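Notes to accompany the following structure.
The values are calculated or read from the model by the stated rules, or taken from the named source; none is laboratory data. A quick note: this is a predicted structure, and the numbers were derived from the prediction, not measured. Here the Cβ positions follow ideal geometry from the backbone for every residue, glycine too, while neighbour counts run over all protein chains shown.
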């Protein structure tokens, strides 16, 4: 009897764990099946907002594809107008580096601080520009268009030294050029018909070398031909109206014009200055208050 | 013989440790202008060690042995160690001219001297920026 009980117990001890484990395996399989079931995923995804994220992601990818297509189309384009101005000016400066002689050791003149203060005093804020000091007497001063209106102001070191210009006097000369740029006189002197046609267009085969040659010629002549009497009159009057509120600045400007007038008349090396910026003598006349006849 | 070798080895290990602790990599930056130079010394007109293009990665290093003006960074570019003005470095990869118009820029076929001068140009500019109102 005891033997029969023992054998039953042994059987039960073998069977019970099998039954228990058998149940667990089944449950796991069921769980796995639930996970694989798409409907249950969909529900979970919806609850977590992941399906919306997937839609957003798809839209984002579409946008990126459009942007990528735009970029690859732009790869074969001539630069847009603003980029083109900045590029051409620097290309001109690089091509004429030896002639303009701007790569030399120079001290800090403090022109940046002086010109910055002058512009801010007159109410010109958020303006960005660059100055390049040339070590040549052949170009006295000038202004070239920069990218996004960050123009490049050129001034000759021998010219500054010969005239013994102070930082404020240099800044006042730069201010004249600043107004020229504001009046659109700088770009209009260089711009050509082909500039408008080529900027932003696609490159057909090789780069149009004739365009580059033509533009380099225009840059060169812009520094050599100067401004008309009418343009000079407009700038002088603008200087007058801005500086009148600051008598010290107005007097310095007036004295500077006298200095320029005397200097250019007596110095053969700088005689053509009058042709480029006509003329200090006329500017003095335009600035001098009319005498009232009683 | 061993008397001499052991102190020598010890001192050289110490020196190596010193060198390692003296230097610190500040971070990886990107070059901003179209072209530029890694300078031999922290001066605008100092000789160029190598010319780099916009977006070129530059490792900025801090070293107790190199004391420089705040406006300059001590950098490592490829095998060269030199100096670049901090205003020419950006933490983010810049949107470069040659990246926007690669076919135009490549089509210019700038020669070595032109590349050199283009880099020098940014060193020679006197930058003016008036404040925000």
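Residues are listed down the side, and each one gets a yes or a no for (1) in a helix (DSSP H, G or I); (2) crowded, with 18+ Cβ neighbours inside 10 Å:
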| site | (1), (2) |
| --- | --- |
| A:65 | yes, no |
| A:82 | yes, no |
| A:89 | yes, yes |
| A:92 | yes, yes |
| A:106 | no, no |
| A:115 | yes, yes |
| A:123 | no, no |
| A:133 | no, yes |
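Among the residues of region B:75-126, write down those that are within 19 Å of residue A:94 (Cα to Cα), touching a residue at least 24 places away in the same chain (Cβ under 8 Å) and surrounded by fewer than 19 Cβ atoms within 10 Å (Cβ to Cβ). Those that are within 19 Å of residue A:94 (Cα to Cα), touching a residue at least 24 places away in the same chain (Cβ under 8 Å) and surrounded by fewer than 19 Cβ atoms within 10 Å (Cβ to Cβ): B:98, B:115, B:116.
The number of residues in region A:105-133 that are more than 9 Å from chain B (Cβ to nearest Cβ) and over 28 Å from residue B:131 (Cβ atoms) comes to 0. Applying a threshold of 6 Å to beta carbon distances and a minimum spacing of six or more residues, or different chains, the list of pairs starting in region B:43-56 at a residue that is more than 25 Å from residue B:95 (Cβ to Cβ) and ending at one that is part of a loop (DSSP other than H, G, I, E, B) reads B:45/A:105; B:46/B:40; B:47/B:40; B:49/B:40. Taking the numbered list (1) within 14 Å of another protein chain (Cβ to nearest Cβ); (2) touching a residue at least 40 places away in the same chain (Cβ under 8 Å); (3) in contact with a helix residue (DSSP H, G or I) (Cβ under 9 Å, 6 or more places away or on another chain) in turn, residue A:201 passes all entries but (3). In region B:85-109, the qualifying residues are those that are part of a loop (DSSP other than H, G, I, E, B) and at the interface with another protein chain (Cβ under 8 Å from one of its Cβ atoms), and the one that is nearest to residue A:134 (Cα to Cα) is B:108. Restricting attention to region A:158-165, does a residue exist that is within 19 Å of residue B:33 (Cβ to Cβ), in a helix (DSSP H, G or I) and in the same structural domain as residue A:274 (by TED's automatic domain parsing)? No, region A:158-165 contains no residue that is within 19 Å of residue B:33 (Cβ to Cβ), in a helix (DSSP H, G or I) and in the same structural domain as residue A:274 (by TED's automatic domain parsing).
Do you know which of the residues in region A:94-104 that are facing another protein chain (nearest Cβ under 8 Å) and not in a loop (DSSP other than H, G, I, E, B) is surrounded by the fewest Cβ atoms within 10 Å (Cβ to Cβ)? Selected residue: A:95.
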